[in-house]
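Single-structure report; data block below.
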Amino acid sequence: MQIDAIDVYHLALPLVRPQRTDLGEFDKLETVLVRIQSGGSAGWGEATPGSAPLAASEWAEGVFGCVRRWLAPAIAGRWIDSGNALQGRLAPFQGNRFAKAALDIAWWDLKARSQNLPLYKLFDSQRESLEVGASFDRMDTIDELLESIRRAFDAGYSRAELKLRPGWDVHMLNAVRQEFPVETFHTDIEGTMRLDHMELLCRMDDFSMAMVEQPLAADDLVGHAMVQEAVRTPVCLDEAVTTPEQADMALELHSCRYMNIRPGRVGGITPAIAIHDACRDAGVPCRAGATPQTAIGTRAVLALATKSNFNYPADYFPSQETLRQDVFDPLAAAKDADDGKLRVHLWTEAGLGVEPNLELLGSLALNHARIEAGKP
C-alpha cells in the first residue's frame with residue numbers, strides 16, 4: 001500500500017474522574033490519534049502513554065512530536081506491504097514504541113479495510129466476543145473496595161485485578177479473599193518490590209491468585225526468574241517486555257508463566273503478534289493489557305486478544321465510565337444469559353470499524369499536523 005498522507009492528532013479528552021498521580025491530579029486524558037491515508041482508504045491508530053512521563057518514558061505530547069517530526073516522514077510516500085516492512089522503516093529511530101504503535105495499528109486497520117474484513121479476522125480468529133476483567137486500585141477504605149468488586153462481579157466481569165501499594169497489600173488481600181473466596185483475582189505490583197521482599201511475594205501463594213504481575217523492576221528478568229522458582233503463583237511480566245527480543249530472553253530464563261502484551265507498550269500489533277507467537281511456542285499463555293483510551297485503541301487491544309494464546313479475560317475500561325467524550329461509540333458489553341459472564345461483542349465492519357468525526361477531533365485537539373508525500 002502506498003502511504004499518501006498521515007494526520008496526527010494530539011487530543012485532550014475530559015475524564016469522568018480526575019486521575020491521581022505523583023504530580024497531582026489530571027482532569028483530562030491526553031492521547032495521540034494517527035490517520036494513515038492510502039488512495040481513497042484510511043486507517044486509524046492510537047498511542048496512549050499518558051499525559052506525563054510517569055508510567056512510561058513517553059507521554060502524549062512527546063509522541064505527537066516524534067510522529068510528526070520523524071516517524072511519519074519516514075513512511076510518507078513509501079510502499080508498505082507488511083507490518084514488518086513498516087517496522088523496518090521505523091527501526092532507525094530508537095525506542096519511542098508508543099509512537100511507533102500508533103502508526104503500526106493504523107497500518108493494520110488500513111490493511112483490514114483493504115480486504116473488507118474486521119481486523120481480528122486477519123488473525124484467523126473464530127471468536128466473536130470476549131470475556132473481560134475489571135481493575136481496582138487503592139481506595140479510601142476496604143469496604144469501598146469490596147463494594148466495588150461486588151458490583152463488578154454482579155455485572156458479569158470474569159476476574160478482577162488488584163493493585164498492590166505500600167500498606168495496601170496483605171491486609172487488603174485477606175479481606176478480599178474472605179469476602180470472595182472463589183472468584184478469580186490477580187495482583188499487579190507494577191515493579192515496586194525487590195528480591196528482599198521475597199517473604200511478602202511468597203505470601204501470594206496463600207491467596208490463590210491467578211498470577212502476580214510485574215513484582216520487580218522492569219529490567220530484572222533474572223530476579224523474576226528467581227521469584228518464579230520460589231513461588232507457586234504464576235509470575236506475569238508486563239513492563240519488563242517491550243520487544244520480541246526481551247520476550248525471547250524472558251522465556252529462555254523462565255522468568256514468567258504469563259505475559260501481558262500491550263500493543264502500545266511493545267510498538268504495535270506487529271511486535272505484539274511476534275511476542276504472542278513466541279509465548280505460544282514456549283507454552284506460556286498471554287493476557288491482553290490495556291489502559292483507558294478511545295474506541296480506536298480499545299478495539300486494537302480486543303482484536304489482538306482474539307488470538308489463540310490469549311486465555312485470560314482481557315482488560316476492559318468502558319469509555320463511558322472513564323471519558324466524558326469518546327471519539328466513537330463504544331462497543332456493547334452484555335451479560336450472557338447462560339453463564340452470567342460479561343462479554344464484549346466484536347464488530348463486523350472492516351478494519352477497526354471506527355470512523356471518528358473530524359470536526360469533533362478538531363474541537364478536542366491540542367495540536368494537529370498533516371504529513372503528505374513529497375511535501376516538506
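The values are calculated or read from the model by the stated rules, or taken from the named source; none is laboratory data. This one's a predicted model, so the numbers in the text were calculated from it and none came from an experiment. Please note: Cβ atoms are built from the backbone with ideal geometry, for glycine as well, and neighbour counts cover all protein chains shown.
For segment 358-374, the count of residues that are surrounded by fewer than 18 Cβ atoms within 10 Å (Cβ to Cβ) and assigned to a loop (DSSP other than H, G, I, E, B) is nonzero.
Any residue that is under 17 Å from the mean Cα position of the chain (by Cα) and surrounded by fewer than 22 Cβ atoms within 10 Å (Cβ to Cβ) - is there at least one of those in segment 300-308? Quick ask: steps written out before the conclusion?
Narrowing segment 300-308 to residues under 17 Å from the mean Cα position of the chain (by Cα): 300-307.
With the extra rule that they be surrounded by fewer than 22 Cβ atoms within 10 Å (Cβ to Cβ), the set shrinks to 307.
Yes, some residue in segment 300-308 is under 17 Å from the mean Cα position of the chain (by Cα) and surrounded by fewer than 22 Cβ atoms within 10 Å (Cβ to Cβ).
Filter segment 69-81 for residues that are touching a residue at least 40 places away in the same chain (Cβ under 8 Å) and either crowded, with 21+ Cβ neighbours inside 10 Å or not basic (Lys, Arg) (or both) and give the result.
Keep residues of segment 69-81 that are touching a residue at least 40 places away in the same chain (Cβ under 8 Å), which gives 72-73, 75-81.
Passing the criteria: 72, 73, 75, 76, 77, 79, 80, 81.
Of the residues making up segment 225-255, those that are crowded, with 17+ Cβ neighbours inside 10 Å and assigned to a loop (DSSP other than H, G, I, E, B) are 231, 233, 234, 238, 239, 240, 241, 242, 255. Put simply, of 329, 336, 281 the only residue that is free of Cβ contacts under 8 Å to residues at least 12 places away in the same chain, farther than 23 Å from residue 220 by Cβ and either surrounded by fewer than 24 Cβ atoms within 10 Å (Cβ to Cβ) or not assigned by TED's automatic domain parsing to the domain that holds residue 66 (or both) is 281. The single condition among (1) in contact (Cβ under 8 Å) with a residue 12 or more places away in the chain; (2) under 23 Å from residue 121 (Cβ atoms) that residue 317 does not meet is (2). What do you reckon, is residue 52 surrounded by fewer than 20 Cβ atoms within 10 Å (Cβ to Cβ), small (Gly, Ala, Ser) and at pLDDT 95 or above? Considered against the rule, which asks whether it is surrounded by fewer than 20 Cβ atoms within 10 Å (Cβ to Cβ), small (Gly, Ala, Ser) and at pLDDT 95 or above, residue 52 comes out as no.
With respect to the conditions (1) within 30 Å of residue 36 (Cα to Cα); (2) touching a Pro at 6+ places or on another chain (Cβ under 8 Å); (3) at pLDDT 95 or above, residue 318 lacks only one, and its number is (3).
Segment 121-219 holds helices (runs of 4 or more DSSP H) entirely within its bounds, and those carrying 2 or more residues that are over 24 Å from residue 284 (Cα atoms) and modelled with pLDDT of 95 or more map to 142-155, 170-179.
Contact map, segment 195-215: first residue in the same structural domain as residue 227 (by TED's automatic domain parsing) and among the aliphatic types (A, V, I, L, M), second residue part of a helix (DSSP H, G or I) and buried (at least 21 other Cβ atoms within 10 Å of the Cβ), Cβ cut-off under 6 Å, separation 6 or more or different chains; pairs are 201/227; 212/204.
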